[in-house]
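Inspection log for the structure reproduced underneath, given as structure tokens.
The numbers here are math on the coordinates, done by the rules we state, and not lab data. Being a predicted model, the structure only gives us computed values, none of them experimental. Here the Cβ positions follow ideal geometry from the backbone for every residue, glycine too, while neighbour counts run over all protein chains shown.
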Amino acid sequence: MKIFDYGDNQIGSREVSTTVSSIMIGIGILTLPSLLAKHIQASDGWVSILAAGLIAGACGLVVCRLLRRFQGGTFHSFTARITTRPIAMLISAIYGVYFLLYVAFEVRSIARISRMYLLENTPTAFIAIAFLLVVVYGVSGTTAAVIRLNTMFLPIVLLISVVVLLFGIQLTNVDNLKPFMTTRPFELVSGTKDATFALLGFEVLLFYAPLLKPAVRTEKAMLIGIAIPVVLCLLTYLYSIAIFTQAATAQILFPTVEIAKEVRLPGQFFERLESIFFTVWIMTIFNTSCMAMEASVSCLQAIASKLDKRWCLLILCPVAYFLNMLPETMMQYKMLGSVISTIGYGTAAAIPIILLAVARLRGGGSVG
């Protein structure tokens, strides 16, 4: 297969925003309303979503500060400059494992939902391997190609989401959102933890540092990229509660898809809008998986520098498939998600904050 080289491999503010939004809009938004409804009363989950959005925004700004401080360098190179080479390799290994688990979870989730709503008689394993092979094919090209896919697919996903929400207004019952602010603070904190998992992934921008244009305003682009998924999470959560009630939403595995099932377009133009909605949603999950796999490949190359990209994919693809097939029950599936979210708090918040703090103390980097 011949790889096509783009004339311009650099990315600007628009590409940063679409990249951040694309990796954050994934499986988490489909399941978040159900997770929040399990332990938050009425519609108080909006507080947790906004709190999670503020946390993601703050951590995103830390990532941007790192990128500005070591402009033009790769994540692995400036991590080695801040710490030491062995520690940098350990950090690369952590990110590599995290993003590989991220890919496995996305693949398993898409296989599960596809069987529930689209391919009822197709084994989950077949759906998973087919989707994973398409992801590997996408990643085998250039990084710029993946970023341009984000720019192309994200507007389509947002358009379909807006259509579903607009025509879903007639199904809502505002009384289902009441009473307001009756949830205990501890439960809101627990909901913030769940919402934060749905907003992880923005740290992938660390691996696109060499592609950033010198004049790009990463902070503004990052905040816009995070704001889009936060608004989408907020709307889908409120719609789920207003349509199904809090008690019913807690029992639905994928409330966002169920909203699409309930929506009817005028004139019955589409009888199964959820099929179109989910098919389009596969686009952004494909982008999410491609970026996560790309980051995992980058980490493996940092550890084993002699391996080229295709050899890394040949190694990581079977591992990702094995990991995605490990959960045999719903409890194990949720446990995998919990493990990823726990590691994600470190990769998105703890490690970037520590690296930036150490860099400032040592005075390294190009920006003070």
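This model, with +1 at the C-beta of Lys and Arg and -1 at the C-beta of Asp and Glu, gives the stretch 235-368 a dipole about its Cα centre of some 480 debye.
The trypsin sites (Lys or Arg not before Pro) of the stretch 243-334 that meet both conditions, a loop assignment by DSSP and at most 11 other Cβ atoms within 10 Å of the site Cβ, are LYS306. Per-residue ellipticity at 222 nm, computed for the chain from helices alone with -39500 (n - 2.57) per DSSP H run of at least four residues, works out to -24000 deg cm²/dmol.
Inter-label distance, ASN9 to SER275: 4.2 nm, where each label sits 7 Å from its Cα along the C-beta direction.
Residue-wise HN-Hα couplings along the stretch 113-119, as the Karplus relation 6.51 cos²θ - 1.76 cosθ + 1.60 with θ = phi - 60° gives them from phi, are 5, 4, 5, 6, 10, 10, 10 Hz; Gly and Pro carry x.
Considering only ILE55, ILE354, ILE243, the mean-square fluctuation computed in a Gaussian network model of the chain, springs between alpha carbons under 10 angstrom, is largest for ILE354. Protection proxy ranking, highest mean first, for peptides 172-179, 96-103: 96-103, 172-179, where packing is the per-residue count of other beta-carbon atoms within 10 Å, averaged.
Just going by the charge dipole of the chain, with Lys and Arg at +1 and Asp and Glu at -1 on Cβ, which of MET222, THR151, ILE127 is farthest out on the positive end? It is MET222, whose Cα lies furthest towards the positive end.
Close amide H contacts of ILE11 (hydrogens built in the peptide plane, cut-off under 5 Å, sequence separation of 5 or more or a different chain): LEU212, LYS213. If one takes the longest principal axis of the Cα atoms in the chain, at what angle in degrees, from 0 to 90 and to the nearest 10, does the Cα axis of helix 218-244 lie? That helix lies at roughly 20 degrees to the long axis. Against the chain, whose longest principal axis is taken from its Cα atoms, helix 273-303 shows a tilt of about 20°.
Among VAL135, VAL107, VAL216, the largest mean-square fluctuation in a Gaussian network model of the chain, built with springs joining Cα atoms closer than 10 Å, belongs to VAL216. Running a GNM on the chain with Cα contacts under 10 Å, which residue among LEU300, LEU66, LEU118 ends up with the highest mean-square fluctuation? Evaluated over the chain, the most mobile residue of the options is LEU118.
Compared with the dominant Cα axis of the chain, that is its longest principal axis, helix 124-139 is turned about 40°. Distance between the C-alpha centres of the stretch 37-84 and the stretch 247-324: 21 Å, rounded to the whole angstrom.
Annotation: amide H of THR183 within the under-5 Å range of GLN41, sequence separation 5 or more or interchain, hydrogens built in the peptide plane. When the Cα positions of LEU165, ALA320, PRO86 are compared along the charge dipole of the chain, PRO86 comes out farthest toward the positive end, with charges on each C-beta of Lys, Arg, Asp and Glu. Around CYS312, under 12 Å between beta carbons, what's the net of Lys plus Arg minus Asp minus Glu among the other residues? Within the 12 Å Cβ shell, the charges total +1. Taking Lys and Arg as +1 and Asp and Glu as -1, the other residues whose beta-carbon sits under 15 Å from that of THR329 total +2. Around GLU219, what is the net charge, scoring Lys/Arg as +1 and Asp/Glu as -1 over all other residues with Cβ under 11 Å from its Cβ? In short, +4. A simple charge model with +1 on the Cβ of Lys and Arg, -1 on the Cβ of Asp and Glu and nothing else charged puts the dipole of the chain at about 1020 debye relative to its Cα centre.
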